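Worksheet for the structure shown next.
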Amino acid sequence: MTNKVVLITGAAGALGKAVAERFATEGNQLALLDQVPTNIQAAYSAQCDLGDSTATRAHVARIVAQLGRIDVLLNIAGGFEMGEPVHATSEKTWKFMFDVNLWTLVHMLEAVVPFMRDQGTGKIINMGARAALRGSALMGAYAASKSAVIRLTESLSDELKELGVQVNCILPSIIDTPRNRSDMPDADYSQWVQPQRIAEVMAFLVSPGGGDIHGASIPVDALS
(Lines give C-alpha, C1' and ligand atoms only; values in the text may rest on other atoms or scores of the structure.)
Protein backbone atom coordinates (compact mmCIF):
# COMPACT_ATOMS: atom_id res chain seq x y z
CA MET A 1 0.00 0.00 0.00
CA THR A 2 1.75 3.14 -1.20
CA ASN A 3 0.53 6.66 -1.91
CA LYS A 4 -2.75 5.99 -0.11
CA VAL A 5 -4.65 8.16 2.36
CA VAL A 6 -4.64 6.30 5.66
CA LEU A 7 -6.87 7.58 8.48
CA ILE A 8 -5.85 6.38 11.95
CA THR A 9 -7.81 6.99 15.14
CA GLY A 10 -6.16 6.76 18.54
CA ALA A 11 -2.99 7.86 16.78
CA ALA A 12 -1.32 9.35 19.88
CA GLY A 13 -1.26 6.07 21.81
CA ALA A 14 1.52 3.49 21.76
CA LEU A 15 -0.25 1.28 19.23
CA GLY A 16 -1.43 4.22 17.14
CA LYS A 17 2.11 5.56 16.88
CA ALA A 18 3.49 2.18 15.82
CA VAL A 19 0.82 1.81 13.16
CA ALA A 20 1.33 5.35 11.89
CA GLU A 21 5.08 4.83 11.63
CA ARG A 22 4.57 1.55 9.76
CA PHE A 23 2.26 3.04 7.16
CA ALA A 24 4.40 6.16 6.80
CA THR A 25 7.37 4.05 5.67
CA GLU A 26 5.58 3.22 2.43
CA GLY A 27 4.93 6.82 1.47
CA ASN A 28 1.27 6.97 2.41
CA GLN A 29 -0.45 10.19 3.43
CA LEU A 30 -1.48 9.95 7.06
CA ALA A 31 -4.55 11.53 8.61
CA LEU A 32 -4.36 11.24 12.40
CA LEU A 33 -7.11 11.78 14.96
CA ASP A 34 -6.92 11.52 18.74
CA GLN A 35 -8.24 13.27 21.82
CA VAL A 36 -4.69 14.43 22.58
CA PRO A 37 -2.03 15.88 20.26
CA THR A 38 0.35 13.59 18.40
CA ASN A 39 3.83 14.61 17.30
CA ILE A 40 3.91 12.30 14.28
CA GLN A 41 4.33 14.12 11.00
CA ALA A 42 1.15 13.76 8.95
CA ALA A 43 -0.74 15.29 6.08
CA TYR A 44 -3.61 15.94 8.49
CA SER A 45 -3.47 15.77 12.28
CA ALA A 46 -6.05 17.02 14.74
CA GLN A 47 -7.49 16.56 18.20
CA CYS A 48 -10.97 15.12 17.98
CA ASP A 49 -13.44 13.72 20.48
CA LEU A 50 -14.68 10.69 18.58
CA GLY A 51 -17.54 10.45 21.02
CA ASP A 52 -18.91 13.57 19.34
CA SER A 53 -20.47 12.47 16.05
CA THR A 54 -20.74 16.03 14.72
CA ALA A 55 -17.06 16.78 15.34
CA THR A 56 -16.06 13.45 13.85
CA ARG A 57 -18.02 14.08 10.66
CA ALA A 58 -16.50 17.54 10.37
CA HIS A 59 -12.92 16.26 10.60
CA VAL A 60 -13.56 13.47 8.10
CA ALA A 61 -15.07 15.97 5.66
CA ARG A 62 -11.98 18.19 6.05
CA ILE A 63 -9.69 15.22 5.41
CA VAL A 64 -11.52 14.37 2.20
CA ALA A 65 -11.53 18.02 1.11
CA GLN A 66 -7.79 18.36 1.79
CA LEU A 67 -6.49 14.97 0.65
CA GLY A 68 -9.12 13.98 -1.88
CA ARG A 69 -10.09 10.57 -0.51
CA ILE A 70 -9.76 8.04 2.30
CA ASP A 71 -8.35 4.68 1.21
CA VAL A 72 -7.77 3.04 4.59
CA LEU A 73 -9.46 3.51 7.96
CA LEU A 74 -7.70 2.02 10.99
CA ASN A 75 -9.97 2.27 14.04
CA ILE A 76 -7.50 1.99 16.92
CA ALA A 77 -9.15 4.34 19.42
CA GLY A 78 -10.48 2.50 22.47
CA GLY A 79 -9.81 1.76 26.09
CA PHE A 80 -9.76 -0.79 28.89
CA GLU A 81 -10.28 -0.90 32.61
CA MET A 82 -11.14 -3.69 35.00
CA GLY A 83 -14.72 -3.52 36.16
CA GLU A 84 -16.97 -4.89 38.85
CA PRO A 85 -18.74 -8.26 38.93
CA VAL A 86 -21.43 -8.32 36.26
CA HIS A 87 -24.30 -8.08 38.72
CA ALA A 88 -22.68 -5.07 40.38
CA THR A 89 -21.33 -3.28 37.31
CA SER A 90 -22.19 0.40 37.55
CA GLU A 91 -23.96 2.28 34.81
CA LYS A 92 -20.86 4.50 34.65
CA THR A 93 -18.64 1.51 33.80
CA TRP A 94 -21.07 0.18 31.17
CA LYS A 95 -21.31 3.60 29.59
CA PHE A 96 -17.57 4.22 29.58
CA MET A 97 -16.71 0.86 27.98
CA PHE A 98 -19.33 1.17 25.26
CA ASP A 99 -18.63 4.86 24.64
CA VAL A 100 -14.88 4.38 24.22
CA ASN A 101 -14.90 1.05 22.36
CA LEU A 102 -18.13 1.03 20.38
CA TRP A 103 -19.54 4.52 19.88
CA THR A 104 -16.20 6.02 18.84
CA LEU A 105 -16.10 3.32 16.16
CA VAL A 106 -19.72 3.83 15.09
CA HIS A 107 -19.18 7.57 14.70
CA MET A 108 -16.14 7.01 12.49
CA LEU A 109 -18.02 4.53 10.32
CA GLU A 110 -20.94 6.91 9.96
CA ALA A 111 -18.53 9.55 8.70
CA VAL A 112 -16.18 7.47 6.51
CA VAL A 113 -18.26 4.69 4.96
CA PRO A 114 -20.29 7.00 2.66
CA PHE A 115 -17.06 8.32 1.12
CA MET A 116 -15.66 4.82 0.60
CA ARG A 117 -18.96 3.61 -0.83
CA ASP A 118 -18.93 6.46 -3.34
CA GLN A 119 -15.29 5.69 -4.22
CA GLY A 120 -16.15 2.04 -4.78
CA THR A 121 -13.08 1.03 -2.80
CA GLY A 122 -11.69 1.14 0.72
CA LYS A 123 -10.27 -0.90 3.56
CA ILE A 124 -11.39 -0.78 7.20
CA ILE A 125 -9.75 -2.48 10.17
CA ASN A 126 -11.40 -2.34 13.58
CA MET A 127 -9.73 -3.06 16.91
CA GLY A 128 -11.37 -5.89 18.82
CA ALA A 129 -9.67 -7.90 21.55
CA ARG A 130 -8.97 -11.53 22.32
CA ALA A 131 -10.92 -10.94 25.53
CA ALA A 132 -14.03 -10.55 23.37
CA LEU A 133 -14.01 -14.26 22.53
CA ARG A 134 -14.88 -15.33 26.06
CA GLY A 135 -16.11 -13.46 29.09
CA SER A 136 -13.78 -13.22 32.10
CA ALA A 137 -14.30 -12.25 35.72
CA LEU A 138 -14.42 -8.49 36.32
CA MET A 139 -14.23 -7.84 32.57
CA GLY A 140 -17.87 -8.24 31.59
CA ALA A 141 -18.41 -4.71 30.31
CA TYR A 142 -15.11 -4.64 28.41
CA ALA A 143 -15.67 -8.06 26.84
CA ALA A 144 -19.20 -7.12 25.86
CA SER A 145 -18.10 -3.88 24.22
CA LYS A 146 -15.38 -5.60 22.23
CA SER A 147 -17.71 -8.48 21.31
CA ALA A 148 -20.01 -5.85 19.81
CA VAL A 149 -17.07 -4.68 17.67
CA ILE A 150 -16.73 -8.20 16.23
CA ARG A 151 -20.42 -8.49 15.34
CA LEU A 152 -20.42 -4.98 13.87
CA THR A 153 -17.38 -5.87 11.75
CA GLU A 154 -19.10 -8.96 10.36
CA SER A 155 -22.31 -7.08 9.55
CA LEU A 156 -20.47 -4.18 7.95
CA SER A 157 -18.40 -6.55 5.86
CA ASP A 158 -21.49 -8.28 4.51
CA GLU A 159 -22.98 -4.90 3.64
CA LEU A 160 -19.90 -3.47 1.90
CA LYS A 161 -17.78 -6.23 0.35
CA GLU A 162 -19.75 -6.29 -2.91
CA LEU A 163 -19.31 -2.52 -3.10
CA GLY A 164 -15.50 -2.80 -3.03
CA VAL A 165 -14.95 -2.06 0.66
CA GLN A 166 -13.08 -4.61 2.77
CA VAL A 167 -13.76 -4.81 6.52
CA ASN A 168 -11.94 -6.89 9.15
CA CYS A 169 -10.91 -6.66 12.79
CA ILE A 170 -7.90 -7.62 14.90
CA LEU A 171 -8.07 -9.41 18.24
CA PRO A 172 -4.83 -8.78 20.14
CA SER A 173 -4.00 -10.24 23.50
CA ILE A 174 -2.35 -7.88 26.00
CA ILE A 175 -0.36 -5.24 24.12
CA ASP A 176 3.06 -4.25 25.43
CA THR A 177 2.54 -0.56 26.16
CA PRO A 178 3.85 1.74 28.92
CA ARG A 179 0.33 2.01 30.35
CA ASN A 180 -0.09 -1.77 30.58
CA ARG A 181 3.34 -2.17 32.17
CA SER A 182 2.44 0.44 34.74
CA ASP A 183 -0.89 -1.27 35.49
CA MET A 184 0.62 -4.78 35.65
CA PRO A 185 4.20 -4.35 36.94
CA ASP A 186 4.61 -8.01 37.94
CA ALA A 187 3.55 -9.49 34.59
CA ASP A 188 5.79 -11.34 32.15
CA TYR A 189 6.06 -8.76 29.38
CA SER A 190 7.62 -11.29 27.00
CA GLN A 191 4.18 -12.87 26.68
CA TRP A 192 2.62 -9.64 25.43
CA VAL A 193 2.15 -8.50 21.85
CA GLN A 194 4.45 -5.80 20.52
CA PRO A 195 2.59 -2.90 18.83
CA GLN A 196 4.80 -3.30 15.77
CA ARG A 197 3.50 -6.86 15.29
CA ILE A 198 -0.06 -5.61 15.16
CA ALA A 199 0.97 -2.92 12.69
CA GLU A 200 2.41 -5.62 10.42
CA VAL A 201 -0.83 -7.61 10.50
CA MET A 202 -2.75 -4.47 9.58
CA ALA A 203 -0.34 -3.75 6.75
CA PHE A 204 -0.90 -7.25 5.36
CA LEU A 205 -4.69 -7.00 5.58
CA VAL A 206 -4.77 -3.83 3.49
CA SER A 207 -2.21 -5.15 1.00
CA PRO A 208 -3.14 -7.02 -2.19
CA GLY A 209 -2.23 -10.26 -0.41
CA GLY A 210 -4.99 -9.71 2.12
CA GLY A 211 -7.55 -8.61 -0.43
CA ASP A 212 -9.74 -11.73 -0.20
CA ILE A 213 -10.19 -11.58 3.59
CA HIS A 214 -13.59 -10.21 4.55
CA GLY A 215 -15.36 -10.02 7.92
CA ALA A 216 -12.57 -11.84 9.75
CA SER A 217 -11.60 -11.51 13.39
CA ILE A 218 -7.90 -12.24 13.47
CA PRO A 219 -6.18 -13.16 16.79
CA VAL A 220 -2.74 -11.66 17.32
CA ASP A 221 -0.81 -13.25 20.19
CA ALA A 222 2.81 -12.96 21.28
CA LEU A 223 5.28 -15.28 19.56
CA SER A 224 7.11 -16.26 22.72
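Got at least one residue in region 60-70 being more than 26 Å from Arg22 (Cβ to Cβ) and touching a helix residue (DSSP H, G or I) at 6+ places or on another chain (Cβ under 9 Å)?
Among the residues of region 60-70, at least one is more than 26 Å from Arg22 (Cβ to Cβ) and touching a helix residue (DSSP H, G or I) at 6+ places or on another chain (Cβ under 9 Å), which makes the answer yes.
Those residues that are surrounded by 12 or more Cβ atoms within 10 Å (Cβ to Cβ) and polar (S, T, N, Q), I need them from region 175-209; list them, please.
Hits for region 175-209 are Thr177, Asn180, Gln191, Gln194, Gln196, Ser207.
Tell me which of these Gln29 doesn't satisfy, since it passes every other one: (1) surrounded by fewer than 20 Cβ atoms within 10 Å (Cβ to Cβ); (2) closer than 21 Å to Thr121 by Cα; (3) not aromatic (Phe, Trp, Tyr).
Condition (1) is where Gln29 drops out.
Report every pair of residues separated by at least 6 positions or lying on different chains whose Cβ atoms are under 6 Å apart, first residue within region 159-176 and more than 14 Å from Leu73 (Cβ to Cβ), second assigned to a strand (DSSP E or B).
Correct list of pairs: Leu171/Ser217; Leu171/Pro219; Pro172/Val193; Pro172/Val220; Ser173/Val193; Ile175/Val193.
How many residues does region 170-222 contain that are over 17 Å from Ser157 (Cβ atoms), over 15 Å from the mean Cα position of the chain (by Cα), of a type in the set (Gly, Ala, Ser) and in a helix (DSSP H, G or I)?
Selection size over region 170-222: 3.
I'm told Thr54 meets every condition in (1) within 30 Å of Gly135 (Cα to Cα); (2) at pLDDT 95 or above except one. Can you identify the failing condition by its number?
Going through the list (1) within 30 Å of Gly135 (Cα to Cα); (2) at pLDDT 95 or above, Thr54 breaks only (1).
Pick from region 132-150 the residues that are among the small types (Gly, Ala, Ser) and either in contact with a Lys or Arg (Cβ under 8 Å, 6 or more places away or on another chain) or outside any helix (DSSP H, G or I) (or both): which of them is surrounded by the most Cβ atoms within 10 Å (Cβ to Cβ)?
Looking at the filtered set, the residue picked out is Ala132.
The values are calculated or read from the model by the stated rules, or taken from the named source; none is laboratory data. Worth saying up front: this structure is predicted, and the values here are computed from it rather than measured. FYI the Cβ positions are ideal-geometry reconstructions off the backbone, even for glycines, and counts take in every protein chain you see.
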